[in-house]
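**Q** Pasting in a structure now, in structure tokens, and then I'll have a few things to ask.
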Amino acid sequence: MNKSVTVIGLGPMGRAMADAYLDAGYRVTVWNRTPGRADELVARGAVCAATVEEALTAHEVVVLSLTDYAAMYAVLEPAAAALEGRVLVNLSSDTPARARTGAAWAARHGARHLTGGVQTPPSGIGSQEFDTFYSGPRDLFEQYEDVLKVLTGTDYRGEDPGLAALYYQLQMDLFWTTLTAWLHMLALADANGIKPSEITPYAAGTLGGMGQFLDFYTPRIEAGRHAGDVERISMAVASLDHVVHTTRDSGADPALPAAVLETFRRAAAEGYEEDSLTRLFEVFGGGVAA
């Protein structure tokens, strides 16, 4: 396979991707709205295209690392005539619906589209310890998998262009809510004179044990079993109520745990107070698609 690629978008992630391709011996063309971001890459051997058209026509495979799909249209639509025959590997974050629309848009202009969801910050690009979700035509993924593996490991999710975006957003749902909970924990600790370095090892231990809970509860959730034999929503309401009061008493912002407590109370009001907390899967709307 011809080892060449274009990278459009040179934020921290795009620059890391271009670096990885240069490390792997690829001929790399780059383009960015702010050309100065390409200076270090050019010094390493990359070519900085003067226009988007030039970037698109330089190589068959074009990796997009943009803020979202709206940015893709803003960048590529003026140069749409140059999309014919290109393979767009769109690693920009957005919704599944927008990924599907983007794939259809690319097809109308003669390009083939792979959606990607990168599961690492820029520091992990170039490492097989991390994966990127991909979806779109299987033959296209298989044909260019070696090119994709330069960036990270690959996890192909299916033909639907929206699947990679969906899997990525599912991970972001967990990531951002978990990180926010940790930051709230630090603020509550700080309000009581406990430094982040003192409490974080305990937080890491708690998070490290979460996998056991996930493994235990997942088959129960899939079977629709929410028996309160291990824990109950009534217990969760009482426990989190204590957290909210502790937060208020400490002078910290209770909005985050209070919002979760309200969800617990809603489930209890619906008659699930003696069920497992896993009943929230249905309260949140889980099981509707099944």
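**Q** Quick one: work out Rg over Rh on the C-alpha atoms of the range 128-283, Rh as Kirkwood radius.
**A** Over the Cα atoms of the range 128-283, Rg/Rh equals 1.07.
**Q** Give the residue list of GluC sites (Glu not before Pro) in the range 137-215 that are DSSP loop and have at most 16 other beta-carbon atoms within 10 angstrom.
**A** Loop-located and lightly packed - 159.
**Q** Using alpha-carbon pairs under 8 Å, 6+ residues apart, how would you state the relative contact order of the chain in percent?
**A** In percent, rounded to a whole number, it is 11.
**Q** While we're here: In the chain, what percent of the accessible surface is made up of carbon and sulfur (1.4 Å probe, ligands and nucleic acids excluded)?
**A** 56
**Q** Can you give the local net charge around residue 101? Use residues other than it whose beta-carbon is closer than 14 angstrom to its beta-carbon, Lys and Arg +1, Asp and Glu -1.
**A** -1
**Q** Also, quick follow-up: Going by accessible area, probe 1.4 Å, with all protein chains left in place, what is the ranking of 185, 235, largest first?
**A** Putting 185, 235 in descending order of accessible area: 235, 185.
**Q** Determine the relative contact order of the range 159-290: mean sequence separation of Cα pairs under 8 Å and six or more apart, normalised by residue count, in whole percent.
**A** Once divided by the residue count of the range 159-290, the mean separation gives 26 percent.
**Q** As I understand it, the dipole of the range 125-192 uses +1 on the Cβ of Lys and Arg and -1 on the Cβ of Asp and Glu, about the Cα centre. Which of 154, 187, 175 lies farthest toward its positive end?
**A** It is 187.
**Q** With +1 on the Cβ of every Lys and Arg and -1 on the Cβ of every Asp and Glu, and nothing else charged, how large is the dipole of the chain about its Cα centre, in debye rounded to the nearest 20?
**A** 560
**Q** Let me know the charge dipole size of the range 162-238 about its Cα centre in debye, to the nearest 20, where only the beta-carbon of Lys, Arg (+1) and Asp, Glu (-1) is charged.
**A** Charge dipole, the range 162-238, about its Cα centre: 60 debye, nearest 20.
**Q** If one computes P(r) from the Cα atoms of the range 117-179, what percent of pairs lie at distances over 18 Å?
**A** That tail contains 38 percent of the Cα-Cα pairs.
**Q** Would you mind calculating the relative contact order of the range 105-178 from Cα pairs under 8 angstrom and at least 6 residues apart, reporting the percent as a whole number?
**A** 32
**Q** Please give me the summed charge of the neighbours of residue 141: other residues whose Cβ is under 13 Å from its Cβ, Lys and Arg +1, Asp and Glu -1.
**A** Result for the neighbourhood of residue 141: -3.
**Q** So which DSSP H runs in the chain come out at 27 Å plus along the axis (Cα) with average Kyte-Doolittle of at least 0.5?
**A** Going by DSSP H runs, the hits are 162-191.
**Q** So, one more: Sorted from largest to smallest, which semi-axis lengths in Å does the alpha carbon gyration tensor of the chain give for its equivalent ellipsoid, taking the root of 5 times each eigenvalue?
**A** Sorted largest first and rounded, they come to 44, 23, 17 Å.
**Q** When the chain is modelled as a GNM with alpha-carbon springs shorter than 10 Å, which of 232, 157, 138 fluctuates the most?
**A** 232
**Q** What is the Å³ per residue value for the convex hull set by the Cα atoms of the range 86-151?
**A** 83
**Q** Can you give the charge dipole size of the range 29-79 about its Cα centre, rounded to the nearest 20 debye, using +1 on the beta carbon of Lys and Arg and -1 on the beta carbon of Asp and Glu?
**A** 160
**Q** Here is a further query. Over the chain, average the accessible area per residue using a 1.4 Å probe and give it in Å², no decimals.
**A** That works out to 52 Å² for each residue.
**Q** Just to make sure I understand: if all protein chains stay in place, what is the order of 56, 22, 174 by accessible area at 1.4 Å, largest first?
**A** Ranking 56, 22, 174 by accessible area, largest first, yields 174, 22, 56.
**Q** Could you rank the peptides 61-67, 146-152 by their average count of other C-beta atoms within 10 Å per residue, with the highest value first?
**A** Going by the mean number of other Cβ atoms within 10 Å, highest first, we get 61-67, 146-152.
The values are calculated or read from the model by the stated rules, or taken from the named source; none is laboratory data. These numbers were taken from a predicted model, which means no experiment stands behind them. Every residue, glycine as well, gets a Cβ built from its backbone with ideal geometry; the counts of neighbours run over all protein chains shown. In case anyone asks, the SASA skips ligands and DNA or RNA and just uses the protein heavy atoms, side chains included. Shrake-Rupley method; radii C 1.70, N 1.55, O 1.52, S 1.80 Å.
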